[in-house]
1. Would you mind getting the accessible area per residue of the chain, heavy atoms of the protein chains only, 1.4 Å probe, in Å²?
2. How big is the stretch 497-590 on each of its three principal axes, counting only the C-alpha atoms and giving the largest first in Å?
3. Determine the calculated [θ] at 222 nm for the chain from helices alone, applying -39500 (n - 2.57) to every DSSP H run no shorter than 4 residues and normalising by the residue count; nearest 500 deg cm²/dmol.
4. I need the phi-derived Karplus couplings for the stretch 457-467: 6.51 cos²θ - 1.76 cosθ + 1.60, θ = phi - 60°, integer Hz, Gly and Pro marked x.
5. Placing +1 at every Lys and Arg Cβ and -1 at every Asp and Glu Cβ, with all other atoms neutral, what dipole size does the chain have around its Cα centre, in debye to the nearest 20?
6. Greater than 32 Å separation of Cα atoms is the criterion. Which listed pairs, LYS96/LYS185; LYS554/LYS592; LYS7/LYS76, meet it?
7. What three numbers, in Å, describe the spread of the alpha carbons of the stretch 68-161 along their principal axes, ordered from the longest?
8. Enumerate the amide H contacts of ASN118 below 5 Å, restricted to partners 5 or more residues apart or on another chain; note that Pro and chain-start residues carry no placed amide H.
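The values are calculated or read from the model by the stated rules, or taken from the named source; none is laboratory data. Note that the coordinates shown come from a computational prediction; the quantities given were computed from them, not determined experimentally. Cβ placement follows ideal geometry from the backbone for every residue including glycine, while neighbour counts extend to all protein chains displayed. These area figures cover heavy atoms from the full protein model, side chains too; ligands, DNA and RNA do not enter into them. Shrake-Rupley method; radii C 1.70, N 1.55, O 1.52, S 1.80 Å.
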Amino acid sequence: GATQVDKSISGTVISPPPPDAPTANNATAISHEGFTARWNAVSGANSYRLDVLQGSPAVATDLFISEYVEGSSYNKAIEIYNGTGSVVNLSNYSLKKQTNGSGDFGDELTLSGTLSNNDVYVIVSNAGTPNLSAQLFVDLATGSQALNFNGNDAVALYKSGTQIDVVGVVDNAANWGKDVTLVRKSTVTAPTTSYSVGDWDSNAIDTFSYLGSHTMGSAATPVSGYNDLTVSGTIKRVSGLSESTDYTYRVRAVNSNGTSSNSNIIDVSTTATTSGAGANTAIGGASTVVTIPALPAFTNNSVEIDPDISSNDDFTVTVAEIATGITYTVFSSNNLALNGTYLLNHAGFSAAPDLTASVGSLSVDASDADASIVTISGINGKGDLVITAEGESTLPVELSSFTATMTVQNTVNLMWVTQSETNVNGYYVHRGVSTELTGAEVVSPLILASNTSQQHYYQFTDSDIYETGTYYYWLEAQDLDGTTAYHGPITLQYNNNNNTPPTIPLTTELKTVYPNPFNPSTTISYGLSKQAAVSFTIYNARGQVVRSFNEGTKAAGNHNILWNGIDNNGRICGTGVYFINMQAGKDSFIRKAVLMK
């Protein structure tokens, strides 16, 4: 019963605008190999695009003119770019024109609104062709005389009444920009009141394809796999990165109407690689692997966590050695996320360890010498979860004490106490200036083990330390089969009470062979009190020469050579005892080394 009404309409049909730019948040779960990028949800967004870059992108000092179009008829356009890293209020800015290359800048066009970071503001003359003024990238079509310029009219950008940027030759009536499109080069990161042709790329008349976006150069480089990466939610784990490296990330929102401008930029630096330390995020409660550099006595300490809840939770895991095994300390800001299934890697035990938890209930699903799967439940309150794995000692020695003290003679006295020893070859002391064992040096000869079931005391004096500072010591326990494990580090703050470092006496000697036993190579250290011709001869247990080294004439000081277990004929030497003879001038020295295959 309704009456049909036909109605004519007129106007322009345009698409809705793309979504707003997201706000990126600080990264979480930062480790040596990655971090978790986070950002706020944007209304109407269907997905997001993530960029991760190594290094820090360039940041502009202020807005500047990024494009100038002097086309046919009234096809005129000015594009302004924001690369400052922040949203800019345009009400402080305006455009002015110098007519025919002379006089004051006038015909002011005051701007309004805001301009997001890495976005452009495009102004066109509304007297131009509809194909230009009706484009979606146009922010303002105006009849202002500031956009009615010709090829000899310089156009300037003003901020709070002061000129900060200009395109065109000022005070020159000659045509410098007629029938041309000028695009600011990506290397430009700051506005300038001095026009330079070298700052612009010139294009043919009526070239409009560059309008609507601008690229500013950057010292940062995209990270493979994370350049314009599509992400469905508002969180993404970024992995496979380099340790101790600076990164940045930014994100854009996407829907059927287009893609937003970039978010703010977040700076993040990965940590150094540290044995026993790692972090990761369980996104939506999914299983996540926390990559943990193994402790010295183990080959794998990484942990996989599958929480029972489906939230986005960060985990920090620390693995530490104890006398009878290791502990896994797990922290999450959401303690309910600690309930779930854990795959604990602990390759280094001789058998499946005993497993206990500090909070909640622990049940063992599967376990062997290399790894264990456990289920943790019943955690409600706050606190860390500590899972302890205990079994046969990870070392062939039960160590109850390892200490370092400074003496009145400015030496360092190291003492360790063992409760029992089995099949132990001996000990080496390592010293370093950081917490990383890889940078430490061996400062002791092999200190033979007693291999007793009773308590035993060991002592070593480090007298080769002279500079004030913090030092770290490790104790290496070496088994008869060549396997090694480490205790430490222990820390010593060394203060040299002497005003000047003493002169280190040089002695001609064959110092240490490390490691010993070895496989496949060992380092032979020696010292010379004065310049001398040096040679080495290595004999097997039957007195046969297997390898010779002629080092030539060496200066006074400390030196090293490496023997890779290869004889003079290029063949691999077999397991056995070898004798290393050093000839330094008229002095001769000999040490024993054991090659273990």
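1. Details: 27980 Å² over 597 residues.
Accessible area per residue, the chain: 47 Å².
2. 52, 29, 19
3. Values: 1 runs with 4 residues, N = 597.
After summing the helix terms and dividing by the residues of the chain, the value is 0 deg cm²/dmol.
4. 9, 10, 8, 9, 10, 8, 9, 9, 10, 10, 8
5. The calculation lands at about 1120 debye.
6. Values: LYS96/LYS185 22 Å; LYS554/LYS592 23 Å; LYS7/LYS76 37 Å.
As for pairs spanning more than 32 Å Cα to Cα, those are LYS7/LYS76.
7. 35, 33, 18
8. Long-range HN contacts for ASN118: ASN82, GLY83, THR84, GLY85.
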